[in-house]
């Protein structure tokens, strides 16, 4: 399936949109890049995804990490406040996506990401105000969260992939994040591999199966 990409600005932030040609997209999949990275890095990986009737959206993170790189929140003592700002940012992002594609009958919004992007997907499913259908997190974790009540809305299906040899996000942190999501009532599919801190072809194949099912 051929995907046509375009760059645009939503709320003064760059967004890359990939829309399949010769099909009627019904779903939106938002891809969150890792910390100190760019949406183009996610686009390179997503070119290997084969998804049915799905519009791909790659936003630029709101936190300036300098040298043209971006993150979703800041580390350190102010992290809960920064995560709260990320939630507001993503609420506006999803609303902008819905407004942009208003003529289409969109029925599902899903999220995925790598590393801090995987964490961003989990955090939004946990605390965001918009209902999320599915989430795929690769090497994701949970940051220090703000004292915001969970939305308590619909259950989200979550695929969590993490590596036993990950030197950046240890497997116990990724596993803990998925257990916390499970405690909140979300449906968890957990897969531990021997991988390091990476997003590889096997991961992308699992993600395709997950989102197409």
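The numbers here are math on the coordinates, done by the rules we state, and not lab data. Note that the structure is predicted; figures quoted are calculated from it, not measured. Heads up, the Cβs are rebuilt from the backbone with ideal geometry, glycines too, and the neighbour counts pull from every protein chain shown.
Quick notes on this one:
- Taking 0.36 nm per residue of separation and subtracting the current Cα-Cα distance, fully stretching the chain between residue 84 and residue 131 would add 15.2 nm.
- Residue-averaged [θ]222 nm for the chain, counting only DSSP H segments that reach four residues, each worth -39500 (n - 2.57): -10000 deg cm²/dmol
- Packing, as the average of other Cβ atoms within 10 Å across residues, places the peptides 24-37, 3-16 in the order 24-37, 3-16, highest first.
- Pair residue 12, residue 200: separation of 7 Å Cα→Cβ label points (nm): 4.2
- Long-range Cα-Cα pairs in region 66-147 (distance over 14 Å), rounded percent: 65
- Of 165, 107, 131, the one that fluctuates the most in a GNM where the chain has Cα springs shorter than 10 Å: 107
- Mean Cα-pair separation over length for the chain, i.e. relative contact order, pairs under 8 Å, 6 or more apart, %: 17
- DSSP bridge pairs, the chain: antiparallel proportion in percent, nearest 5: 35
- Cα-only Debye scattering, region 3-212: base-10 log of I(q)/I(0) at q = 0.08, 0.19 Å⁻¹: -0.24, -1.56
- The distance separating the Cα centre of region 112-131 from that of region 143-208 comes to 10 Å.
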